[in-house]
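The values are calculated or read from the model by the stated rules, or taken from the named source; none is laboratory data. In this text, all values refer to a predicted model and were calculated from it rather than measured experimentally. Heads up, the Cβs are rebuilt from the backbone with ideal geometry, glycines too, and the neighbour counts pull from every protein chain shown.
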Amino acid sequence: MSKTIQKTIYAGFWRRALALLLDSLLFVVLTTPLLYIVYGQEYFSWSNQNTSLQVYGVMDFLITKVLAAALLVSFWHLAAATPGKQLMHLKVLDAQSLQRITVLQGLIRVAAYLVSALPMYLGFIWVAWDKRKQGFHDMIAKTVVVYEEDNYLDESLEQLISRLD
């Protein structure tokens, strides 16, 4: 079942932010039991010294950083979207061809998240001003995030049935 993009609509800041929030919640739900099994209750105690870049141990690094990156790259390459992006009707595509990104582009995009985050998250916020709604990570990886409208009301019954194939 392939759907071509009729008109390219770049996904805006708020839609992308909501997709990120949904993905983050899903990731927390999936990883919390693993982290609890490995580290116990102490892992979840708050302290002034914990930061998002701090690593509690090897398994923490593997679960929260490596697994997160692997899942992102896999979803972007195989489905063109993470579950949150799918719910928001978004796709991460190659900026030039508007096709699915390569694994290398996915790896570059995930690594470039650091570039987007370092100057006070300006690279993510930049989406709000950019004409193609690209963050720094999108520009570096040569990707865009597009919104695909559902135009079911404009389609014939035959077109709707063909979507099921």
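One line per residue, one yes/no per condition, for (1) among the acidic types (Asp, Glu); (2) modelled with pLDDT of 95 or more; (3) over 16 Å from residue 144 (Cα atoms):
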| residue | (1), (2), (3) |
| --- | --- |
| 7 | no, no, no |
| 15 | no, yes, no |
| 49 | no, no, yes |
| 56 | no, no, yes |
| 61 | no, no, yes |
| 66 | no, yes, yes |
| 77 | no, yes, no |
| 81 | no, yes, no |
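Could you look through the range 145-162, keep only residues that are surrounded by 13 or more Cβ atoms within 10 Å (Cβ to Cβ) and closer than 20 Å to residue 79 by Cα, and pick out the one that is modelled with the lowest pLDDT? Top of the filtered list is 148. For first residues located in the range 26-43 and touching a residue at least 24 places away in the same chain (Cβ under 8 Å) and surrounded by 10 or more Cβ atoms within 10 Å (Cβ to Cβ), partners that are of a type in the set (S, T, N, Q) and not in a helix (DSSP H, G or I) and lie 6+ apart or on another chain with Cβ distances below 9 Å form the pairs 26/82.
Restricting attention to the range 73-99 and to residues that are of a type in the set (Gly, Ala, Ser) and either in contact with a strand residue (DSSP E or B) (Cβ under 7 Å, 6 or more places away or on another chain) or buried (at least 20 other Cβ atoms within 10 Å of the Cβ) (or both), the residue that is farthest from residue 17 (Cα to Cα) turns out to be 95.
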